[in-house]
Amino acid sequence: FHSNAYYYSVYSTVEQFSKFNLGSSKIESFTPRSPSNKESQTVKYGPYSNIPAKTSAKVTIHFENNSPFLTVTNLKRIVEVSHWGNIAVEEHYQLSHTGAKLKSQFSRLDFQRNPIGAPTAVKSFRTVLPASSKHVYYRDDIGNISTSNLRETDDANELEIRPRFPLFGGWQTKYYIGYSVPSYEMLSHSGQNYKLEFPFVDHSYDNLVIDEAEIRVILPEGASGFEIVYPNYEIVRGADEKIKTYLDTFGRPVLVFSAKNLEENHIKNIEIYYKFNPIMLLQEPLLVVIAFMVIFASVIIIVRFGLLYLCRREQRSSPAGCISSRGAIQQHR
């Protein structure tokens with residue numbers, strides 16, 4: 001760990017000291033600087049008097065830390081908005097253990113015998129979901145992972161995620177989770193003006209670190225006039241896209257955002273304003289009605305033409321053939 005023994009300031013300081021809480025009592029070494037001392041899990045520099053402005057003194061502390069270091073190297077989040085009362089969220093994670101790498105081979109038998117002997121291994125972690133979330137799932141490329149556990153509280157739903165194997169230093173895993181929330185939790189409107197507000201990233205686990213994140217917001221077909229209010233950190237907006245799903249004609253607009261180097265303090269809301277004509281909600285039901293009308297009309301036309309063809313063929317052989325054919329068909333019915 002590298003840092004400054006002094007509090008860096010543009011003003012002169014009459015008296016100051018620096019204290020480093022390391023979280024481990026196994027301190028290998030630290031840069032001596034009089035006065036300085038070590039106590040249990042703490043290294044203290046100072047007190048120092050009459051420090052000039054912009055003074056710095058580099059110090060290095062070498063200590064043992066067996067805490068697991070989880071890092072989301074890549075996050076892809078999809079938020080699909082429906083004006084029929086539901087918002088679907090799906091998050092794809094590429095998760096790595098960026099702590100000290102495992103040197104020897106891994107033995108599942110030894111690990112099961114003595115799980116306490118591997119303090120750096122990540123066996124499970126907790127993801128916080130909205131309190132109104134429902135239809136929660138946790139899967140990977142193989143399929144559903146049944147070792148998860150969902151606990152509902154008044155403030156939030158806590159999803160305990162347990163990977164298929166414990167994560168040691170240098171190991172990684174891929175998975176995705178999904179859930180649905182009622183539209184009123186994130187969406188509000190006044191006339192044709194709509195406001196969508198949701199966290200740019202969620203609390204995936206404690207001490208969250210994300211290297212790269214891509215958020216895709218799928219809005220209803222016909223939405224336009226987008227205005228974005230960003231949280232107070234850098235977010236890059238990509239080119240808008242189109243996606244076609246069930247009963248779409250010209251496609252739904254997709255807003256693409258990306259950001260790097262995120263952590264828990266970046267769990268803040270992004271606001272998206274857009275315009276949407278409520279009449280567009282009738283588009284999908286009308287398409288279904290028209291489709292059934294076309295099918296029924298086609299069946300009627302085919303049956304009528306079949307009877308007409310049968311009647312003409314019977315007339316060639318007998319003038320009364322058409323009448324007898326109709327009578328036979330009616331008797332058959």
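The values are calculated or read from the model by the stated rules, or taken from the named source; none is laboratory data. All of these numbers come straight from a predicted model, not from anything done at the bench. Don't worry about glycine lacking a Cβ; one is built from the backbone with ideal geometry, like all the others, and counts go over all protein chains shown. With ligands, DNA and RNA removed, areas are computed over all heavy atoms of the protein, side chains included. Shrake-Rupley method; radii C 1.70, N 1.55, O 1.52, S 1.80 Å.
For the cross-link pairs Lys44/Lys123; Lys19/Lys268; Lys174/Lys260; Lys54/Lys268, which exceed 29 Å when the distance is taken from alpha carbon to alpha carbon? List each step's numbers first, then the result.
Details: Lys44/Lys123 34 Å; Lys19/Lys268 31 Å; Lys174/Lys260 19 Å; Lys54/Lys268 33 Å.
From the list (Lys44/Lys123; Lys19/Lys268; Lys174/Lys260; Lys54/Lys268), the Cα-Cα distance tops 29 Å for Lys44/Lys123; Lys19/Lys268; Lys54/Lys268.
Using 1/(1 + (r/R0)^6) with R0 = 51 angstrom and r between the beta carbons of Thr73 and Leu287, what's the FRET efficiency to the nearest 0.05? Please report the intermediate quantities before stating the final value.
Values: r = 42 Å, r/R0 = 0.82.
Working from the Cβ atoms, E equals 0.75.
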Where the centroid of each part is defined by its Cα atoms, how far is the range 137-195 from the range 84-130 in Å?
15 Å
Just need log10 I(q)/I(0) for the range 248-296 at q = 0.16, 0.28, 0.30 Å⁻¹, Debye formula, equal scatterers on the alpha-carbon atoms, no solvent, rounded to two decimals.
-0.72, -1.17, -1.22
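Please sort by residue number the GluC sites (Glu not before Pro) in the range 211-261 whose DSSP state is loop and whose Cβ has at most 13 other Cβ atoms within 10 Å. It would help to have the intermediate numbers written out before the result.
Numbers: sites: Glu212, Glu214, Glu221, Glu227, Glu234, Glu241; in loops: Glu221, Glu234.
When the GluC sites (Glu not before Pro) of the range 211-261 are filtered for loop state and at most 13 Cβ neighbours within 10 Å, Glu234 remain.
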Val229-Ser9 pseudo-label distance in nm [points 7 Å out on the Cα-to-Cβ vector]
3.8 nm
Which of (i) 28, 25, 23; (ii) 56, 22, 16; (iii) 66, 27, 15 is the computed semi-axes √(5λ) of the Cα gyration tensor in Å? It is (iii)
For the ranges 76-88, 18-30, what's the packing order if you count other beta-carbon atoms within 10 Å of each residue, average per peptide, and put the highest first?
76-88, 18-30
Solvent-accessible area per residue, Å², over the chain with all protein chains present [probe radius 1.4 Å]
62 Å²
Say a paramagnetic label sat at a point 7 Å from the Cα of Arg126, along Cα to Cβ; which residues of the range 200-219 have their backbone N under 15 Å from it?
203-208
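Let's see if you can work this out: charge +1 on each Lys and Arg Cβ, -1 on each Asp and Glu Cβ, no other charges. What is the dipole magnitude of the chain about its Cα centre, in debye to the nearest 20? Please list the in-between numbers first.
Values: 36 positive and 33 negative charges, 237 e Å.
It works out to roughly 1140 debye.
How would Arg139, Arg216, Arg113 line up by accessible area, probe 1.4 Å, largest first?
Values: Arg139 90, Arg216 65, Arg113 175 Å².
The ranking, largest first, comes out as Arg113, Arg139, Arg216.
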